[in-house]
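The structure under discussion is supplied below as structure tokens; questions concerning it will follow.
The values are calculated or read from the model by the stated rules, or taken from the named source; none is laboratory data. Keep in mind it's a predicted model, so treat the numbers as computed, not measured. Glycine also receives a Cβ, built like all others from the backbone with ideal geometry; neighbour counts cover every protein chain displayed. The area values use the complete protein model at the heavy-atom level, side chains included, leaving out ligands, DNA and RNA. Shrake-Rupley method; radii C 1.70, N 1.55, O 1.52, S 1.80 Å.
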Amino acid sequence: MNFETIHYNAEDGICQITLNRPKVFNALNKTLINEITTAITTAGNDEKVRVVIITGGGDKAFCSGADLKDGMSGEFRPLGETLRENYNPMILAMRGMRKPIICKMNGVAAGAGMSLALACDIIIADKNAYMSELFVGIGLMPDAGSMYFLPRIVGMQKTFELCSTGRKVYMEEALQLGLVSKAVPTEQLDDAVMQLANFYKTAPTQSIGWMKQVLNQTYNSSLEQVLELEAVAQTACGFTNDFGEGVMAFIQKREPDFKGK
């Protein structure tokens, strides 16, 4: 598969999508956004892929946000149209993907780049990285899902502070706030991410997919509704081959051999 702005590599159950605009710190233009969406959809439809890693090319940034120069040429369009046509489908594809997505945050994640990271299921970061909702610096408000993800992680007041100041959040604080799952030295980042990816590539993919689907709905649902969502999802999990394998492995006191089916 040929892409212009990303590297796509799917091998041995693991798909890595690498943003490949290092000269502009992997800033998001229309092509990059649409290629990420296509790559996510492709990996989601590939039965051999069990886990996805998203990272930034180069050693400076994960993603520095929207490429402001990209929108300077041509006729002006309302920014909401760009969100609806490009950013929103990307974020929805990520959250709708029924496989785990690991963000390998190898540098700064700012603006829509922070939104991209938060849309992943789990973030493993370089301890020297930082995050920033820098939209306010150019007179905008956060988009691409940040206003959905952030308050669910850090609460309303902290979300308002981070968004209205646009200040940098370094990894020590990000860990405390729950914005990232782990922060490691630069030289340990590859190993930390691959250790997690290797776990997920042998995990029961169907059950993890149902976890994502239910989690997507919990904050907008009552307890009764969540209980019903759990019942529906658990019924589906109970019909998977992996459930049968998991039970047999437990009885036989061995490690399960999950196939993701």
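Would you confirm whether any residue within region 12-22 is without any contact (Cβ under 8 Å) to a residue 60 or more places away in the chain and among the small types (Gly, Ala, Ser)?
The answer is no, given that none of the residues of region 12-22 is without any contact (Cβ under 8 Å) to a residue 60 or more places away in the chain and among the small types (Gly, Ala, Ser).
Does Thr42 fit the bill of being in contact (Cβ under 8 Å) with a residue 40 or more places away in the chain, more than 15 Å from the chain's Cα centre (by Cα) and in a helix (DSSP H, G or I)?
Numbers: in contact (Cβ under 8 Å) with a residue 40 or more places away in the chain: yes; more than 15 Å from the chain's Cα centre (by Cα): yes; in a helix (DSSP H, G or I): yes.
Yes; evaluated as a whole, the condition is true for this residue.
For region 155-172, enumerate the residues that are out of contact with any Phe, Trp or Tyr (no Cβ under 9 Å at 6 or more places or on another chain) and farther than 14 Å from Ser115 by Cβ.
Matches in region 155-172: Gly155, Met156, Gln157, Lys158, Phe160, Glu161, Ser164, Thr165, Arg167, Glu172.
Could you say which residue among Thr55, Thr18 is closer than 27 Å to Tyr170 by Cβ, under 13 Å from the mean Cα position of the chain (by Cα), open to solvent by less than 10 Å² (accessible area, probe 1.4 Å) and polar (S, T, N, Q)? Lay out the reasoning, then the answer.
On the way: Thr18 fails: open to solvent by less than 10 Å² (accessible area, probe 1.4 Å).
Result: Thr55 is the single residue among Thr55, Thr18 that is closer than 27 Å to Tyr170 by Cβ, under 13 Å from the mean Cα position of the chain (by Cα), open to solvent by less than 10 Å² (accessible area, probe 1.4 Å) and polar (S, T, N, Q).
Please go through region 110-134 and pick out each residue that is of a type in the set (Asp, Glu) and surrounded by fewer than 24 Cβ atoms within 10 Å (Cβ to Cβ). Spell out the reasoning first.
Here is the first cut: in region 110-134, the residues of a type in the set (Asp, Glu) are 121, 126, 133.
Those that are of a type in the set (Asp, Glu) and surrounded by fewer than 24 Cβ atoms within 10 Å (Cβ to Cβ): Asp121, Asp126.
Just checking: which of the helices (runs of 4 or more DSSP H) contained wholly in region 188-251 hold 2 or more residues that are touching a residue at least 12 places away in the same chain (Cβ under 8 Å) and of a type in the set (S, T, N, Q)? Step through it out loud before you land on a result.
Working: elements: 189-200, 205-218, 223-238, 241-251.
Here the list reads 205-218.
Only residues in region 81-106 that are over 18 Å from Asn26 (Cα atoms) count as the first member; pair them with residues that are at pLDDT 95 or above and surrounded by fewer than 17 Cβ atoms within 10 Å (Cβ to Cβ), Cβ under 6 angstrom, at least 6 apart or cross-chain, and list the lot.
Ala93/Thr41
Name the residue that is farthest from Lys259 (Cα to Cα), counting only residues in region 45-63 that are of a type outside the set (A, V, I, L, M) and not in a loop (DSSP other than H, G, I, E, B). Spell out the reasoning first.
Pass one, region 45-63, residues of a type outside the set (A, V, I, L, M): 45-48, 50, 55-60, 62-63.
Then drop every residue that is not not in a loop (DSSP other than H, G, I, E, B), which leaves 45, 55-56, 62-63.
Values: Asn45: 16, Thr55: 26, Gly56: 29, Phe62: 31, Cys63: 33 Å.
For region 45-63, the residue satisfying everything is Cys63.
Exactly one of (1) open to solvent by 70 Å² or more (accessible area, probe 1.4 Å); (2) over 29 Å from Asn198 (Cα atoms); (3) out of contact with any helix residue (DSSP H, G or I) (no Cβ under 6 Å at 6 or more places or on another chain) is unmet by Asn45. Its number?
(2)
So, one more: Only one of Gln206, Gln188 is surrounded by fewer than 19 Cβ atoms within 10 Å (Cβ to Cβ) and more than 17 Å from the chain's Cα centre (by Cα); which?
So the residue among Gln206, Gln188 that is surrounded by fewer than 19 Cβ atoms within 10 Å (Cβ to Cβ) and more than 17 Å from the chain's Cα centre (by Cα) is Gln188.
What pairs come out if I take residues in region 132-155 that are closer than 22 Å to Ile33 by Cα and pair them with residues that are in a strand (DSSP E or B) and open to solvent by 70 Å² or more (accessible area, probe 1.4 Å) whose C-beta lies under 6 Å away, six or more apart or interchain?
Going by the 6 Å Cβ cut-off, the qualifying pairs are Ser132/Lys168.
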